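The values are calculated or read from the model by the stated rules, or taken from the named source; none is laboratory data. Everything numeric in this text was worked out from a predicted model, so none of it was measured. Because the Cβ atoms are built from the backbone with ideal geometry, glycine has one as well, and the counts that use them run over all protein chains shown.
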Amino acid sequence: MQNLHLITSLLQTNKDFMNILAIETSCDEASASVVQNGRKILSNVISSQIHIHAKYGGVVPELASRHHLENINFVVAEALAKARLRINDIDTLAVTQGPGLVGSLLAGIMAAKTLSLIYRLPLLPINHIEGHIYANFLEHRIKPPFLALVISGGHTELVIQRDHTHYKILGRTRDDAVGEAYDKVAKLLDLGYPGGPVIDKLAKKGDPQYIKFPRPYLTGSYDFSFSGLKTSVVNYVSKHPASSVQHLADVVASFQQAVIEVLVNKTIQTALKLKMKKIVLAGGVAANSALRGLFTDKIRKTGITLYYPSPVLCTDNAAMIGCAAYYRLKNKKLEYNQKMLTFKAAPNLQL
Ligand code: KG4
Ligand code: ZN
């Protein structure tokens, strides 16, 4: 076992390899990952706090940061162990700088800065949203330009990525993020937290045409809005309380249908208008099976290619941060210097 580890280490430290150790703690998941050459995931440890926040129906920021502080060293150690590497085998560190909850971000950033200082390793701060988009690069051979739809618990954005550093945000949500709408509807119906995966599963048993909830297209704008739709669900449920599991399934299927029709139609129309040949989905809601299905159906015969990551890479994870860091660095070797430790957590960081 010891020899195997030594041989693996020797192979990995060959100069053709670029090993990035990435840390992500922007919300309620503490994650560390080793990514080799931007594509090969040697480890991707994700420590979820869902069991801690579920009873509150959402993330409690104070609890999240406290648990990250207790947990992060173990998560990093496990990521190295699973990759069969030692810290000396790491070329560069990467960490999520923002956006996210400030206390949560700080826990990951302090861990990364400490490792950087002790081991004289270069450290790269990465935008969380950029990470979500780059999750696609871990699994697909894909080149910008493309149109990205970023849909998570905190974000709903239509973005043009021209090359590896240039983004243009076309539109964003004017109120609730789409994942937030899923979570709020699930809370209203007492389905637990997070709402997206539960609704995804329950909706499969329901009739998506049962209630015709509004489709908020905001015609003429690239923006989105989901709070009116959420209010329509609240109003419907107050007049027609869920009378059976089937009724509940019909309500969530109808809510989900309204959401995904808007996301799919608006994104494809935008891609056609702007002559974009590729659409990339990113963020936790991109794991939704109905959304993937509708996108796949509607994209046929448009000449557009659709990309999305595996479900585990859609939700928060550090591999996507390591991948984004690799593409930022490509062709240049970063040397350690203390100035790289002066960046701060940026809870409202923009792309
Ligand atoms: O990207 P993410 O892990 O964290 C943020 O950056 O916000 O996204 C979390 C969000 C939550 O709102 C969760 O309910 C939603 O993604 N989500 C889903 C699914 N899995 C996670 N929404 C719909 N369907 C899913 N299968
Ligand atoms: Zn996220």
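If the condition is being away from ligand 1 (no atom under 16 Å from the Cβ) and not in a strand (DSSP E or B), then the stretch 149-179 contributes R162, D163, H164, T165, H166, R174. In summary, N235 fulfils each of the numbered conditions (1) over 19 Å from E261 (Cα atoms); (2) of a type outside the set (A, V, I, L, M); (3) assigned to a loop (DSSP other than H, G, I, E, B) with the single exception of condition (3).
Any residue in the stretch 255-267 that is in a helix (DSSP H, G or I), among the hydroxyl-bearing types (S, T, Y) and in contact with a Phe, Trp or Tyr (Cβ under 7 Å, 6 or more places away or on another chain)? No; the residues of the stretch 255-267 include none that is in a helix (DSSP H, G or I), among the hydroxyl-bearing types (S, T, Y) and in contact with a Phe, Trp or Tyr (Cβ under 7 Å, 6 or more places away or on another chain). If you check K298 against the conditions, is it under 16 Å from P208 (Cα atoms), out of contact with any strand residue (DSSP E or B) (no Cβ under 8 Å at 6 or more places or on another chain) and not in a loop (DSSP other than H, G, I, E, B)? The answer is no for K298. Restricting the stretch 193-217 to residues that are in a loop (DSSP other than H, G, I, E, B) and under 25 Å from the mean Cα position of the chain (by Cα) leaves a set whose member that is surrounded by the most Cβ atoms within 10 Å (Cβ to Cβ) is P194.
In the set (1) closer than 30 Å to M276 by Cα; (2) within 16 Å of ligand 2 (Cβ to nearest atom), P145 fails one condition alone, (2).
The rows are residues; the columns are (1) within 16 Å of ligand 2 (Cβ to nearest atom); (2) polar (S, T, N, Q); (3) closer than 23 Å to I169 by Cα.
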position: K277; (1), (2), (3): no, no, yes
position: V280; (1), (2), (3): yes, no, yes
position: A287; (1), (2), (3): yes, no, yes
position: R300; (1), (2), (3): no, no, no
position: P309; (1), (2), (3): yes, no, yes
position: T315; (1), (2), (3): yes, yes, yes
position: L334; (1), (2), (3): no, no, no
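Taking the listed residues K82, K55, K15, the one that is part of a loop (DSSP other than H, G, I, E, B) and either at pLDDT 90 or above or among the charged types (D, E, K, R) (or both) is K15, with no other qualifying. With respect to D190, is the statement that it is away from ligand 1 (no atom under 12 Å from the Cβ), outside any strand (DSSP E or B), more than 15 Å from the chain's Cα centre (by Cα) and free of Cβ contacts under 8 Å to residues at least 24 places away in the same chain true? In short, yes.
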